[in-house]
Amino acid sequence: MSEVKITAESRSEFGKGAARRIRRENKVPGVLYGHGTDPVHLTLPGHDLMMALKTSNVLLALDLDGKTELAIPKAVQRDPLKGFLEHVDLILVKRGEQVNVEIPVVAEGELAPGGNLLEHVLNALPVEAEATHIPESLSVSVAGLEAGASVLAKDIALPKGVSLAVEADTVVLQVLAAQAEEPAEGAESAESAEA
């Protein structure tokens, strides 16, 4: 995983009014915390941050007051209607440090014929990985799986240095049989009346 460099500014204004002023300037308020340090309140460039967050579990190299800090996003708040960033919480990380993150699961291949449906029980798999080597996604082959089959967490191939943060027998994906639509109640009673 590559690092995304972002220039951050520390801020001393807090509250709704200050946050609105920051957002009007196309910037995003945020908080950086971790490793037992006091939280640092930040202002981040909105467009750069939005582009960086398109990659899940992105590693951010924050240029803050002349120092470079590594961080990963913990919580991202977006406007529910327009989707723009409202606030971001970042966690400090160090090179070589293990962190718990959720990696998106991508299903590949076609299910067995018969109109079966694939259910994602977990869209993202909780894992423990080195902060600087977090995989972007995990691919799982579902080729030829029949109804009733499931993919467990232990069945997913993990890259070197990545371990599961859930029970090994946790169901991640399962194949469901397609169900035929039942006739409406009125149609059944009409058929029985004709007989």
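Read-outs throughout are calculated quantities, based only on the coordinates presented, and are distinct from any laboratory measurement. Small disclaimer: the values here were computed from a predicted structure and weren't measured. We place every Cβ from the backbone using ideal geometry, glycine too, and count neighbours over all the protein chains shown.
Just to confirm the number: angle between the C-alpha axis of helix 185-194 and the first principal axis of the chain, 0 to 90 degrees, nearest 10?
Helix 185-194 sits at roughly 10 degrees to that axis.
In whole Å, largest first, what are the principal axis extents of the Cα atoms in the chain?
Sorted largest first, the three principal extents are 83, 42, 25 Å.
Which three semi-axes in whole Å describe the equivalent ellipsoid of segment 91-188, each the square root of 5 times a Cα gyration tensor eigenvalue, listed largest first?
Square roots of five times the eigenvalues give 36, 14, 10 Å.
If you plug each phi of segment 93-101 into the Karplus form 6.51 cos²θ - 1.76 cosθ + 1.60 with θ = phi - 60°, what whole-Hz ³J(HN,Hα) values come out, in order, with x for Gly and Pro?
9, 10, 4, x, 6, 8, 10, 8, 9
Can you bin segment 1-111 into rounded, prolate or oblate? Criterion: square roots of the alpha carbon gyration tensor eigenvalues sorted a ≥ b ≥ c, rounded for a/c under 1.5, prolate for a/b above b/c, oblate for the rest.
Oblate shape, in that a/c is at least 1.5 and b/c is the bigger or equal ratio.
With viscosity set to 0.692 mPa s at 37 °C, what whole-number translational diffusion coefficient in µm²/s follows for segment 45-159 from Stokes-Einstein and a Kirkwood radius over Cα pairs?
In µm²/s, the coefficient rounds to 198.
Using amide H atoms built in the peptide plane, which far-off residues or other-chain residues are under 5 Å from residue 11 H to H?
41, 42, 43
Using the crude model of +1 on Lys and Arg Cβ and -1 on Asp and Glu Cβ, and no other charge, please compute the dipole size for segment 104-165 relative to its Cα centre, in debye to 20.
Dipole size: approximately 120 debye.
List the equivalent ellipsoid semi-axes of segment 53-107 in whole Å, largest first, each obtained as the square root of 5λ for an eigenvalue λ of the Cα gyration tensor.
22, 18, 9
Listed here are the pairs 16/54; 74/154; 82/154; 27/160; which of them are more than 28 Å apart at the Cα?
Listed pairs above 28 Å: 82/154; 27/160.
Which ³J(HN,Hα) values in Hz, rounded to whole numbers, follow from the phi angles of segment 111-121 under the Karplus curve 6.51 cos²θ - 1.76 cosθ + 1.60, where θ = phi - 60° and Gly and Pro get x?
Once rounded to whole Hz, the list reads 5, 4, x, x, x, 6, 10, 9, 9, 8, 5.
Quick check on packing: order 131-140, 163-172 by the mean number of other C-beta atoms within 10 Å, highest mean leading.
Ranking, from highest mean packing down: 131-140, 163-172.
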